[in-house]
Amino acid sequence: MNRRHFARRVAAGLTAAVAATMMFTGVVSAQPADSAPVVDPATAIAKLRTVAAGNPEAEAAIERLAASPTDTAAATNIALPGQIFQVPAYSDTGQGGPVLGQLYGAGVATNMSNQFRFGFFGGPGVIANDQAGAELDVVYYSFATGASGIVKLDQNNVAVPTVVSTAPVAGLGSGLVVAAVYGSLNHQVGPNVVKSTIWWPTLGTVLA
């Protein structure tokens with residue numbers, strides 16, 4: 001995958017992410033780019049690779065991210081309720097159509113009622129309440145405290161509407177967190193349940 005193609009994909013994903021953020025909040029505010037913490041993608045992926053060790057699905061997801069060039073990403077402290085991951089996900093179903101293709105959605109970090117959670121939003125359709133046969137996970141690492149782990153995203157419409165999220169994640173301190181969401185998710189599309197499997201994980205650096 002060449003850098004130009006990757007940049008186009010990220011730009012398309014960020015357009016969708018900004019639109020979703022506006023839908024969540026109406027108005028967003030962010031730290032100036034020159035004051036936001038930054039992380040070298042190679043360092044971030046190295047940390048996640050260590051956390052994923054021993055989990056074949058997590059390892060495979062991180063290696064797919066490592067195989068493509070990325071630019072240094074600055075964490076953006078967006079007004080509640082969400083910080084959108086900078087690199088979007090692609091799946092075998094995606095949003096569909098000639099424009100969005102397999103662009104699927106993006107990870108998000110929320111901090112509602114002093115509860116930090118990882119989440120994900122995406123299509124097609126809406127996230128199904130019944131997730132039988134599917135499993136969506138996030139692998140994360142906190143640069144502030146060294147806390148890390150792999151957690152399921154299995155709480156639908158709890159933190160924010162249209163978002164499936166984890167239970168509250170503790171121990172991250174106050175600082176930079178890198179995370180990647182991978183796996184599969186069921187969607188309700190009319191009368192049908194469609195399972196989407198992510199082949200390109202969504203990667204983000206956020207502030208806890």
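Give me the distance in nm between label points sitting 7 Å out from Cα along the Cα-to-Cβ direction at Asp154 and Thr50, one decimal.
Each label point lies 7 Å from its Cα, and together they span 2.8 nm.
Can you tell me which of 82-94, 118-130 comes out highest on packing, and rank the rest after it, using the mean Cβ neighbours within 10 Å? The partial results should precede the final answer.
Details: 82-94: 24.0, 118-130: 20.8.
Highest mean packing first, the order is 82-94, 118-130.
What percentage of the solvent-accessible surface of the stretch 162-208, computed with a 1.4 Å probe over protein heavy atoms, is contributed by carbon and sulfur atoms? Before the final figure, lay out the partial values.
On the way: 930 of 1460 Å².
Summing carbon and sulfur atoms, their accessible area is 64 percent of the total for the stretch 162-208.
So with the 1.4 Å probe, I'd like the accessible area per residue for the stretch 150-190, rounded to whole Å². Write down the numbers at each step before the final one.
Details: 1460 Å² over 41 residues.
Result: 36 Å² of accessible area for each residue.
Place the peptides 188-197, 41-50, 135-144 in order of packing, highest mean first, counting for every residue the other Cβ atoms within 10 Å and averaging per peptide. All intermediate terms of the calculation are to be shown ahead of the outcome.
On the way: 188-197: 14.1, 41-50: 17.9, 135-144: 22.3.
Taking the mean over residues of other Cβ atoms within 10 Å, the ranking is 135-144, 41-50, 188-197.
Figure the gain on full extension for Ala60 and Val194 (residue separation times 0.36 nm, minus the Cα-Cα span) and round it to one decimal in nm. Working shown, then result.
Details: separation 134, 0.36 × 134 = 48.24 nm, distance 2.30 nm.
Contour length minus the Cα-Cα distance gives 45.9 nm.
The values are calculated or read from the model by the stated rules, or taken from the named source; none is laboratory data. Worth saying up front: this structure is predicted, and the values here are computed from it rather than measured. All Cβ positions, glycine included, derive from the backbone under ideal geometry; neighbour counts span all protein chains shown. Just the protein is used for accessible areas: all its heavy atoms, side chains included, with ligands, DNA and RNA removed. Shrake-Rupley method; radii C 1.70, N 1.55, O 1.52, S 1.80 Å.
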